[in-house]
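Just below is one structure, and these are the notes that go with it.
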Amino acid sequence: MQPATVDNGASSSGSPSNRSRARAGLAFASPAVVLLTLFMVVPFGLAAVLSFTNRKLLSPLPTRWVGLDNYTDVLGDSGFWGALQNNLVFSAIVMPLQTGLALLLAVLVNQKLKGSVLFRTIYFVPITFSLSAASIIWLVLLNPSGMLNTVMEVVTFGAFAPDWLNDPSYTMAAVIIVSLWASVGFQMVILLAALQDVPKSLYEAAAVDGAGAWKRFRNVTVPGIRHQLFFVATITMILSFRLFDQVWIMPPRPGGPLDATNTIMVELVDTGFERGQIGKGSSIAVLFFLIVLFLTIFQRKFEPAD
Amino acid sequence: MATITLDKINKVYANGYHAIHDLDLDIADTEFLVLVGPSGCGKSTALRMIAGLEEISGGEMRIGDRVVNEVEPKDRDIAMVFQNYALYPHMSVYDNIGFALKLAKTPKAEADRRIREAARVLELEEQLKRKPAQLSGGQRQRVAMGRAIVRQPAAFLMDEPLSNLDAKLRVQMRAEIAGLQRELGVTTVYVTHDQVEAMTMGDRVAVLKDGHLQQVDTPQNLYDRPDNVFVAAFIGSPSMNLFEGVLTLGGGGQEGSLTLGSQTISIPEKVFEERPGLAAYDGKPLIYGIRPEDMEDASLASQPAEPHIHGEVSLVESLGAEILVHFGVDAVPVDSGDPDAVVELGDTAVVVARFSPRSPIRPRQTAAVAVNSERISFFDPSTRLAIWD
Ligand SMILES: Nc1ncnc2c1ncn2[C@@H]1O[C@H](COP(=O)(O)OP(=O)(O)O)[C@@H](O)[C@H]1O
Ligand SMILES: [Mg+2]
């Protein structure tokens, strides 16, 4: 938004007040612009440049241009495609699940019932933990004889108690559970604020018109919060694509077992820092950026109209 | 179509506030009943209890023969028009009007026919595809009406539906709503704080104050024979002028008299014959009221024998067909209990009289005012109830 303000001020035939408004706009925008430039634009520019070189973290050899070698390398590597697939699966599950769960929780804690404030807090608290801290807490809970399985054994009479983190068929499920737990509260708060903005009289009008609870939800609530729902879905998609902390910390080895939780971020960190191939790692970063950019643009096509 | 019966209805809000006290109302089938009173008196609360949007704390509510205390709003077969219209912002006018029909699974063709008919009656045919945000205030109001009339419900409930319109549109819609209701014959409860709306629209008007029902009657009866000081002052515009004074009884060929500060108004014997109850107040203070239209410039009065009072004119408002003359007298004014009315209590009362426009009276002159003393209303000073009999 800031650039638009600046534009307006500058283009409208420079009366003193307009010019001073433009200056004020620039002044307000500058901290954000400077920080974004310093920590986002510049590093990304550097990465883009490095992705065309054979730069290593520690190497006696001089850095040289290698053209598209890094890209053909990465794109020819089945590890990258496996990671991308994991990312897509994770996002495809987490985006609807987390948005839906956030909506459900928001509706529940929006009820005028005793204790709803307490539950709001409980659902929001995990947001204040870092993802790594959350992962470590869940390492304990997900232990084959940990709390989750103790509960599972009771409710399924012992039929279901998998070794969550060592059995490749369950690790992604475990990662999804942790991710939902750790971040659903954020989406919930956004949707809760949206719910509270839906005029009460619309619910009353719908009730008088003959709508039961479900019809009111469908015809008043959902249309009333559709912009925020879309925002939450988009944000969830982007954030879920950055899946890293959980799959780095929880499995026996990062992205494991058997690459079941390998993701592009894991590939990137592994290639760039563990193996020191900065040039190749940079090309993964650029590809990652392009994929997320594409998905975001694609998703915007579904943005609800006014 | 149905009757609506409120039987000792009470409302106590969760915070302990007792908003409605023992409200009894019998609303006849096809009747247009207006619920009127100053803001905060509980009109919306009462209406919302009929709609089922507010829980009933005590008493019994019936629509037709059915007790509806525990019936959900969606099952009460009532349509409501809200003060802010409450149109669904994402739906077109067509869908807004048809929403209830869609919920009721009315066949598409039948729904379409009814929506278009409602749109025709309300002159919304051009706007059917638009969203509420693209409509003027008056058009939104019509959509809200349309949403109610397509339903053919047992009753219409309307909560100050015209209060967001400008004065001219309000007058026009007032007539249209009343006409539409008569045509459709659907029982209607209409809430307003505007007594002019109440008087012009209602078959009967129920006056509410602080959650207590004051009087239910036809507009003319409310005006001619108000039950108490509050109704007397609330109905009519400008308000009835109220004073405290001492009554001296007449009889045996003798006229009575009434004090207005240092002046006296003679009261014809006939008044005491018609209202024998006044005998009990001989020589005692009571409250009395004179409507502005029962006064006239003495120089123009049709009956020169009418008693005159005098006062200095502070303001003359010309309304074309009449003029409103404000003048001061040294009598004790009375607070009617209407929180929306401004009464400056003290030793001087400002009297408002409605004169013929031919009156030459000007501000700062002393007016000689003829009073039609047969039409004075009397009230008990402690119970504030009217003395008609
Ligand atoms: N939800 C509520 N809780 C407590 N008091 C309320 C509530 N709603 C309304 N009231 C009070 O009840 C009284 C009547 O309100 P209302 O029916 O809206 O008045 P009206 O429609 O006549 O202006 C007011 O004094 C108001 O403050
Ligand atoms: Mg109200």
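The values are calculated or read from the model by the stated rules, or taken from the named source; none is laboratory data. Note that the structure is a prediction, hence the values are computed from the model and not measured. Virtual Cβ from ideal backbone geometry, glycine too; neighbours counted across all protein chains shown.
When the range B:92-120 is filtered for residues that are in a loop (DSSP other than H, G, I, E, B), under 36 Å from the mean Cα position of the chain (by Cα) and more than 11 Å from chain A (Cβ to nearest Cβ), only B:92 remains. Just to be sure, is residue B:153 buried (at least 18 other Cβ atoms within 10 Å of the Cβ), within 16 Å of ligand 2 (Cβ to nearest atom) and modelled with pLDDT under 95? No. Based on what the data block shows, is residue B:118 at pLDDT below 95 and in contact with a helix residue (DSSP H, G or I) (Cβ under 6 Å, 6 or more places away or on another chain)? Yes; evaluated as a whole, the condition is true for this residue. Return yes or no: is residue A:232 hydrophobic (A, V, I, L, M, F, W, C) and modelled with pLDDT of 90 or more? Criteria met by residue A:232.
Contact map, the range B:4-25: first residue away from every other protein chain (no Cβ under 14 Å) and among the polar types (S, T, N, Q), second residue within 16 Å of ligand 2 (Cβ to nearest atom) and part of a strand (DSSP E or B), Cβ cut-off under 9 Å, separation 6 or more or different chains; pairs are B:10/B:19; B:10/B:20; B:10/B:23. The number of residues in the range B:118-146 that are of a type in the set (Lys, Arg) and surrounded by 12 or more Cβ atoms within 10 Å (Cβ to Cβ) comes to 4. For residue A:241, are the conditions met, namely being within 14 Å of another protein chain (Cβ to nearest Cβ), under 28 Å from residue A:263 (Cα atoms) and aromatic (Phe, Trp, Tyr)? So residue A:241 fails the test.
Of the strands (runs of 3 or more DSSP E) that lie entirely inside the range B:191-284, those containing 1 or more residues that are buried (at least 21 other Cβ atoms within 10 Å of the Cβ), within 16 Å of ligand 1 (Cβ to nearest atom) and on the phi < 0 side of the Ramachandran plot span B:204-209, B:212-217.
When the criteria are applied in full, residue B:49 meets the requirement of being assigned to a helix (DSSP H, G or I) and within 16 Å of ligand 2 (Cβ to nearest atom). Condition (residue is within 28 Å of the chain's Cα centre (by Cα), outside any helix (DSSP H, G or I) and not acidic (Asp, Glu)) applied to the range B:124-138: is it met by at least one residue? For the range B:124-138, residues within 28 Å of the chain's Cα centre (by Cα), outside any helix (DSSP H, G or I) and not acidic (Asp, Glu): present. Of all residues in the range B:26-46, exactly one satisfies the criterion of being of a type in the set (D, E, K, R) and assigned to a strand (DSSP E or B), namely B:26.
For residue B:274, the test of being more than 22 Å from residue B:347 (Cα to Cα) and under 30 Å from the mean Cα position of the chain (by Cα) is passed. Taking the criterion of being farther than 27 Å from residue B:218 by Cβ and either away from ligand 1 (no atom under 11 Å from the Cβ) or in a loop (DSSP other than H, G, I, E, B) (or both), the residues of the range B:12-25 that qualify are B:13, B:14, B:15, B:16, B:17. Can you tell me which condition residue A:149 does not meet? The list is (1) away from chain B (no Cβ under 14 Å); (2) over 19 Å from the mean Cα position of the chain (by Cα); (3) surrounded by 21 or more Cβ atoms within 10 Å (Cβ to Cβ), and all the others hold. Going through the list (1) away from chain B (no Cβ under 14 Å); (2) over 19 Å from the mean Cα position of the chain (by Cα); (3) surrounded by 21 or more Cβ atoms within 10 Å (Cβ to Cβ), residue A:149 breaks only (3).
In the range B:26-49, which residue that is within 14 Å of another protein chain (Cβ to nearest Cβ) and not polar (S, T, N, Q) is farthest from ligand 1 (Cβ to nearest atom)? Checked the range B:26-49; the qualifying residue farthest from ligand 1 (Cβ to nearest atom) is B:49. Inside the range B:60-91, residues that are within 16 Å of ligand 1 (Cβ to nearest atom) and away from chain A (no Cβ under 13 Å) make up a count of 1. State whether the residues of the range B:307-327 include one that is modelled with pLDDT under 90 and in contact with a helix residue (DSSP H, G or I) (Cβ under 7 Å, 6 or more places away or on another chain). Taking every residue of the range B:307-327 in turn, at least one turns out to be modelled with pLDDT under 90 and in contact with a helix residue (DSSP H, G or I) (Cβ under 7 Å, 6 or more places away or on another chain). For the range B:152-162, the criterion of being away from chain A (no Cβ under 14 Å) and without any contact (Cβ under 8 Å) to a residue 24 or more places away in the chain is met by none of the residues. Output the number of residues of the range B:26-46 satisfying the condition of being surrounded by fewer than 17 Cβ atoms within 10 Å (Cβ to Cβ), within 16 Å of ligand 2 (Cβ to nearest atom) and among the aliphatic types (A, V, I, L, M). Going through the range B:26-46 one residue at a time, the tally reaches 0.
Among the residues of the range B:53-67, those identified as over 22 Å from residue B:185 (Cα atoms), away from ligand 2 (no atom under 16 Å from the Cβ) and in a loop (DSSP other than H, G, I, E, B) are B:55, B:56, B:57.
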